[in-house]
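*Asks:* Below is the structure I would like to discuss, written out as structure tokens.
The values are calculated or read from the model by the stated rules, or taken from the named source; none is laboratory data. A quick note: this is a predicted structure, and the numbers were derived from the prediction, not measured. Glycine gets a Cβ as well: all are built from the backbone with ideal geometry, and neighbour counts include every protein chain shown. Each accessible area value is taken on the protein alone, full model and side chains, heavy atoms only, with ligands, DNA and RNA left out. Shrake-Rupley method; radii C 1.70, N 1.55, O 1.52, S 1.80 Å.
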Amino acid sequence: MNRNLTQNSHIKTKQLKINVAVLGLGKMGNTHVKAAKASPFIDKIIGYEPTAELALERGREMKIETVSNLDLILNDQSIKLFYIAAVNEAHAELAVSALNAGKAVMCEKPMGITMEEAKRIVEAQKTNDSFLQIGFELRYSKLYMKVKEWIDAGLIGKPLNSYCQYYTYASHKKDTWRAKSKGTLIGEKLSHYLDLPRWWFGREVTQTYSMSAPNFIHYFNHPDNHQISYKFADGAVSSLNFVMGIAITDFQEKLAEDGHLLTYFIYGDKGAIATDLFRKTIKRWSFSEDEKQLKSKVAEEITFDITNEWVHNVHDQNMRIAELVAKNQKPDHSALDAFETMKLCFAAEISTRENRVVKLNEI
Ligand SMILES: NC(=O)c1ccc[n+]([C@@H]2O[C@H](COP(=O)([O-])OP(=O)(O)OC[C@H]3O[C@@H](n4cnc5c(N)ncnc54)[C@H](O)[C@@H]3O)[C@@H](O)[C@H]2O)c1
């Protein structure tokens, strides 16, 4: 009896295992391969790079089978899930081909580098009724999940105003696809930081106004700084101030001293939350009222180490996606939700170019 049970559960686990492909075997592709190797729901991993030489080289380095012919993996019925970690310019083409070939897809942000590309991706997902999750991995970070947990528990009341400051160094080097990208840093980088308040507040964004100063970094094809304000359907507001181009340091421990900043302040009508990545704290205040005025007290403060789990949790996101696809379940975060974040990104790009408020329903 016990033996049968063990055998049955063994068969069950075996049936749940899927084969996956990782497309684009650069830095992020390597992270995806590592997560795939760690997943109990993944059997075989096949890597893809469009040039044969690089495919072979990366295959040797990552110790996986690789191909340089896309059709081979598109037509391979045993591959259920594609992780797309190619350069941003290739996302739309790869995602649409994969969805049309019946694959489940996890695609890195941005969801295309133009609104038209994002629409093509979302249309292909709808037409094929496929699994599609975009890599907004900050939704799996312990730091930002804590904010979500506090807001959902009603601990700051109704969130009304948030402000993100993100000051970082010129990590995007000369003559790389990032410096030369046709897309902007709004899609490439800030999509994460515009996505978070959308997720926390759980409300629709209706309009945005965005400005950029002249560049600090002359070799970028696009602005290296952005001030983006946006408004939610219920009147709540949010803004993000981003600068890439300040002090350079090689050591994460020194970032806080070197003028780097990645903070959020989120104010509700019953409390507030502040996250400070480089100072490694998250803090919550609760508000009360006496006969004279409103009062505030610190209700909770947590310190953490800068680990992937607390900050950039691609690993757990990808493990989770493998499990969802293997079990034939829906994504944790829908493609349409990601599309709404991308709409905000593209609206902010238009606003910067045309120097006007852009309503999201006009694009
Ligand atoms: N935290 C995050 O969410 C995060 C962090 C870093 C990168 N990313 C995303 O991951 C992706 C890859 O970034 P990276 O840092 O690994 O860049 P990278 O330059 O290290 O790697 C990109 C790889 O894509 C390959 N490539 C180019 N054209 C391709 C095509 N048509 N099909 C398949 N592969 C192709 C390149 O040869 C290269 O190996 C980007 O979309 C980036 O936005 C996300």
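*Asks:* Output the residues belonging to the range 70-89 that are open to solvent by 30 Å² or more (accessible area, probe 1.4 Å) and of a type in the set (Gly, Ala, Ser).
*Replies:* Ser78
*Asks:* Given the structure, is Gly102 surrounded by fewer than 16 Cβ atoms within 10 Å (Cβ to Cβ), touching a residue at least 24 places away in the same chain (Cβ under 8 Å) and near the ligand (Cβ under 10 Å from one of its atoms)?
*Replies:* For Gly102, the condition - surrounded by fewer than 16 Cβ atoms within 10 Å (Cβ to Cβ), touching a residue at least 24 places away in the same chain (Cβ under 8 Å) and near the ligand (Cβ under 10 Å from one of its atoms) - is not met.
*Asks:* Exactly one of (1) in contact (Cβ under 8 Å) with a residue 24 or more places away in the chain; (2) open to solvent by 80 Å² or more (accessible area, probe 1.4 Å) is unmet by Asn328. Its number?
*Replies:* (1)
*Asks:* Identify the residue in the range 105-117 that is open to solvent by less than 10 Å² (accessible area, probe 1.4 Å) and over 17 Å from Leu194 (Cα atoms) and, among all such residues, is farthest from the ligand (Cβ to nearest atom).
*Replies:* Out of the qualifying residues, it is Val105.
*Asks:* Which residues, taken from the range 78-99, are away from the ligand (no atom under 15 Å from the Cβ) and touching a Leu at 6+ places or on another chain (Cβ under 8 Å)?
*Replies:* Answer for the range 78-99, where residues must be away from the ligand (no atom under 15 Å from the Cβ) and touching a Leu at 6+ places or on another chain (Cβ under 8 Å): just Leu99.
*Asks:* Consider only pairs whose beta carbons are under 9 Å apart and that are at least six residues apart or on different chains; among these, list those whose first residue lies in the range 44-55 and is among the small types (Gly, Ala, Ser) and whose second residue is within 10 Å of the ligand (Cβ to nearest atom) and part of a strand (DSSP E or B).
*Replies:* Gly47/Val22; Gly47/Leu23; Ala55/Gly47; Ala55/Tyr48
*Asks:* Could you tell me how many of the residues in the range 20-64 are open to solvent by 30 Å² or more (accessible area, probe 1.4 Å) and in contact with a strand residue (DSSP E or B) (Cβ under 8 Å, 6 or more places away or on another chain)?
*Replies:* Matching residues across the range 20-64 total 6.
*Asks:* Return yes when Ala347 is assigned by TED's automatic domain parsing to the domain that holds Val147 and buried (at least 20 other Cβ atoms within 10 Å of the Cβ) and no when it is not.
*Replies:* Spelling it out, Ala347 is indeed assigned by TED's automatic domain parsing to the domain that holds Val147 and buried (at least 20 other Cβ atoms within 10 Å of the Cβ).
*Asks:* Counting only residues that are in contact (Cβ under 8 Å) with a residue 60 or more places away in the chain and either aromatic (Phe, Trp, Tyr) or near the ligand (Cβ under 10 Å from one of its atoms) (or both), how many does the range 29-43 have?
*Replies:* 3
*Asks:* Now for a different question. Of all residues in the range 118-150, which are within 18 Å of Phe82 (Cα to Cα) and open to solvent by 30 Å² or more (accessible area, probe 1.4 Å)?
*Replies:* Arg120, Glu123, Gln125, Lys126, Thr127, Asn128, Asp129
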